[in-house]
Amino acid sequence: MLCEGVRWFDDWFAIEDVAPGVIAIGEPRFHQNNWNYLICGTRRALLFDTGPGVRDISNAVRALTNLPVTALPSHMHFDHTGCLSRFTNIAVPDLPILREGEKDGWFTPRDDLYVGYWEGMSWTPVRVNSWLPIGSKIDLGGRVLELLHTPGHSPDSVSLLDREANIMFAADFVYPGKLYAQIRNSDLKAYLESAEALLPLIGEDTAILCAHGKPDANRLNRAPRLARKDVADLASSLTRLKASGEKPAAWPVNERMSLLVSEEAFASWQATP
Ligand SMILES: [Zn+2]
């Protein structure tokens, strides 16, 4: 089930050292095949996404590092925030749509941002330790991550850029497979704008690590990777989609990705100049 170089932590979490200090923690048995990333500096570590919460990811994290860990979800969808409450140090992007969810020091995002009702999951309220402004430089000691707002899949989606290591953590913005732009709150205009804004920030050799994978031809799993070309293909396919005036259920991006499109999102995009 796992590619060479990927090992089991238990019978649920798959661990891959993808770059020095960057450890992918995958959940290939989960139907969404989630991949979370433990990114380590010299002083602290950041866990980008906490999985769907079917198993407690904090056990794997504790076994992988002794550094203090901050959990940061890429967006509030249930399959990225399932174990958020297992962490005491929680950071959330400082976006008005998320700030709305804070009351008396406890944070619960809007139902339509969490969408746990899709799979019978329920949110456990958390205390947010830091609200990170977009553009923040998160200093882990010897490693700086830049917080980028990348809406499209959802309005609260963020990605992380490690310029020095030349890695972008794209979460659900791009990944191999069908990109979810058909769900409530998906925004095709924002998707295109985010893709265009990312392109100048990354190079041909930037590694793009994604939050959903799929098994290879031999049914083996590893952390999903894409490249700048995939972001460029996404931008050009969205541009073609807008110009086409068609309303397809799915739209090809390239041989690795396609875009799922809702009637509603497409109509509202066509109505905007
Ligand atoms: Zn998502």
For the stretch 231-245, state whether one or more residues are in contact (Cβ under 8 Å) with a residue 40 or more places away in the chain, within 16 Å of the ligand (Cβ to nearest atom) and in contact with a helix residue (DSSP H, G or I) (Cβ under 8 Å, 6 or more places away or on another chain). yes
Give just the number: which of (1) at pLDDT 95 or above; (2) crowded, with 16+ Cβ neighbours inside 10 Å; (3) more than 12 Å from the ligand (Cβ to nearest atom) does Pro151 not satisfy? (3)
Mind checking which residues of the stretch 110-125 are among the aromatic types (Phe, Trp, Tyr) and buried (at least 17 other Cβ atoms within 10 Å of the Cβ)? Tyr114, Trp123
For the stretch 154-173, name all the residues that are touching a residue at least 60 places away in the same chain (Cβ under 8 Å), away from the ligand (no atom under 12 Å from the Cβ) and touching a helix residue (DSSP H, G or I) at 6+ places or on another chain (Cβ under 8 Å). Ser159
Looking at this structure, is Pro252 more than 23 Å from Trp35 (Cβ to Cβ), touching a Ser or Thr at 6+ places or on another chain (Cβ under 6 Å), surrounded by fewer than 19 Cβ atoms within 10 Å (Cβ to Cβ) and not β-branched (Val, Ile, Thr)? yes
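The values are calculated or read from the model by the stated rules, or taken from the named source; none is laboratory data. Predicted model, so just to flag it, every value in this text is computed and none were measured. For neighbour counting, all protein chains shown are included, and Cβ atoms are generated from backbone atoms with ideal geometry for every residue, glycine included.
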